[in-house]
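Asks: Sending over a structure as structure tokens; questions will come in a sec.
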Amino acid sequence: MKKPLIALTLDYENSKEYSQYPWYAIRENYFTSIEDTGGIGVGIPHNIKDIISLLQKIDGLVITGGNFDINPNMFGENNIHKTVKLKENRTNFELLAAEIMLKNNKPVLGICGGEQLLNVLYKGSLIQHIPDEINNPIEHEQKKPRNQASHSVIIKENTKLYNIISTKEIMVNSAHHQAVKKPGNGLIVNAISSDGVIEGIEDPKKNFCIGVQWHPEFFIQGSDNKLLKAFIEAC
């Protein structure tokens, strides 16, 4: 059987650490996790001009995470928290890519910031900085290495995510200071942490449209493998 081709969104950097000129970046395990679950991963440049032609060749899209945030103006907030970092060209490309894929009912998986982007695409809003908006929050920016779990997540029954994972509670890693505030139109919450922070969303009307706040590409638990395998099978 032909392996599905999975587009992985790239980060954009203009620091001088790697090159004197702007460069794209992505962690290797985004690719290897796709390969290990039966797909072929390809990084896609932020080329809006040719995006339709590019995505016609793609079977599924992973919106990856990154150390940046979505402009709060996009979800109706004028005050921008001091911790917010923007990469607006990347955000604009990812919004358009996700919109095109979902219009064609092709599978989309949003990881960490990718979940937040899906929520904004669906006209939802975000918590700009969890410690300022959540009472007694757990540690969502873990000090442990990212390949280790740091807190539990409750998976809601009667959701696609629950049907995939088949368990009510899993352990996840955590590397985010923002989260979904109000779910977008047509989205439902499929996962939540003990402090009430939304950890997962999905569109039940789509073939596969799921966002999770953790990083399943690290394969910390069997649930991560199940999620990525279900995504690949949908593709």
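The values are calculated or read from the model by the stated rules, or taken from the named source; none is laboratory data. Note that the structure is predicted; figures quoted are calculated from it, not measured. Virtual Cβ from ideal backbone geometry, glycine too; neighbours counted across all protein chains shown. Surface areas here come from the heavy atoms of the whole protein model, side chains and all, with no ligands, DNA or RNA. Shrake-Rupley method; radii C 1.70, N 1.55, O 1.52, S 1.80 Å.
Okay, residues lined up against (1) modelled with pLDDT of 95 or more; (2) crowded, with 18+ Cβ neighbours inside 10 Å; (3) of a type outside the set (Val, Ile, Thr); (4) under 15 Å from LYS181 (Cα atoms):
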residue: HIS46; (1), (2), (3), (4): yes, yes, yes, no
residue: MET74; (1), (2), (3), (4): yes, no, yes, yes
residue: GLU77; (1), (2), (3), (4): yes, no, yes, yes
residue: ASN104; (1), (2), (3), (4): yes, no, yes, no
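Asks: Find the residue count for the stretch 147-164, including only residues that are open to solvent by 50 Å² or more (accessible area, probe 1.4 Å) and touching a Gly at 6+ places or on another chain (Cβ under 7 Å).
Replies: Qualifying residue count, the stretch 147-164: 0.
Asks: Next question, about the same structure. Could you tell me which numbered condition LYS57 fails, if it satisfies all but one of (1) closer than 24 Å to CYS235 by Cα; (2) open to solvent by 10 Å² or more (accessible area, probe 1.4 Å); (3) touching a residue at least 60 places away in the same chain (Cβ under 8 Å)?
Replies: The failed condition is (3).
Asks: Please count how many residues of the stretch 61-73 are touching a strand residue (DSSP E or B) at 6+ places or on another chain (Cβ under 9 Å) and not in a loop (DSSP other than H, G, I, E, B).
Replies: Residues flagged as touching a strand residue (DSSP E or B) at 6+ places or on another chain (Cβ under 9 Å) and not in a loop (DSSP other than H, G, I, E, B) within the stretch 61-73 amount to 5.
Asks: What about GLY184, is it farther than 17 Å from VAL62 by Cβ and in contact with a Lys or Arg (Cβ under 6 Å, 6 or more places away or on another chain)?
Replies: yes
Asks: Determine whether LYS226 is closer than 27 Å to THR91 by Cβ, of a type in the set (D, E, K, R) and either open to solvent by 10 Å² or more (accessible area, probe 1.4 Å) or in a loop (DSSP other than H, G, I, E, B) (or both).
Replies: When the stated conditions are applied, LYS226 does not pass them.
Asks: Checking the conditions here, which among GLU94, GLU77 is part of a helix (DSSP H, G or I) and either without any contact (Cβ under 8 Å) to a residue 12 or more places away in the chain or charged (D, E, K, R) (or both)?
Replies: Step by step, each of GLU94, GLU77 is checked, and only GLU94 is part of a helix (DSSP H, G or I) and either without any contact (Cβ under 8 Å) to a residue 12 or more places away in the chain or charged (D, E, K, R) (or both).
Asks: What number of residues within the stretch 177-191 are of a type outside the set (A, V, I, L, M, F, W, C) and either at pLDDT below 95 or open to solvent by 10 Å² or more (accessible area, probe 1.4 Å) (or both)?
Replies: Number satisfying all stated conditions: 6.
Asks: Checking SER15 against (1) assigned to a loop (DSSP other than H, G, I, E, B); (2) closer than 21 Å to CYS112 by Cα: exactly one of these is not met. Which one?
Replies: Only one criterion is unmet by SER15, namely (2).
Asks: Tell me whether the stretch 128-140 contains one or more residues that are at pLDDT 95 or above, within 14 Å of GLY65 (Cβ to Cβ) and not hydroxyl-bearing (Ser, Thr, Tyr).
Replies: Yes - at least one qualifying residue is present in the stretch 128-140.
Asks: Taking into account only those residues within the stretch 1-13 that are in contact with a strand residue (DSSP E or B) (Cβ under 8 Å, 6 or more places away or on another chain) and over 22 Å from GLU99 (Cα atoms), which is surrounded by the most Cβ atoms within 10 Å (Cβ to Cβ)?
Replies: GLU13
Asks: Collect the residues in the stretch 33-65 that are over 18 Å from TYR12 (Cβ atoms), over 17 Å from the mean Cα position of the chain (by Cα) and among the polar types (S, T, N, Q), keeping them in residue-number order.
Replies: Scanning the stretch 33-65 gives THR37, SER53, GLN56.
Asks: Please determine, by comparing only the residues of the stretch 110-146 that are in contact (Cβ under 8 Å) with a residue 60 or more places away in the chain, out of contact with any Leu (no Cβ under 8 Å at 6 or more places or on another chain) and of a type in the set (A, V, I, L, M, F, W, C), which one is surrounded by the fewest Cβ atoms within 10 Å (Cβ to Cβ).
Replies: ILE134
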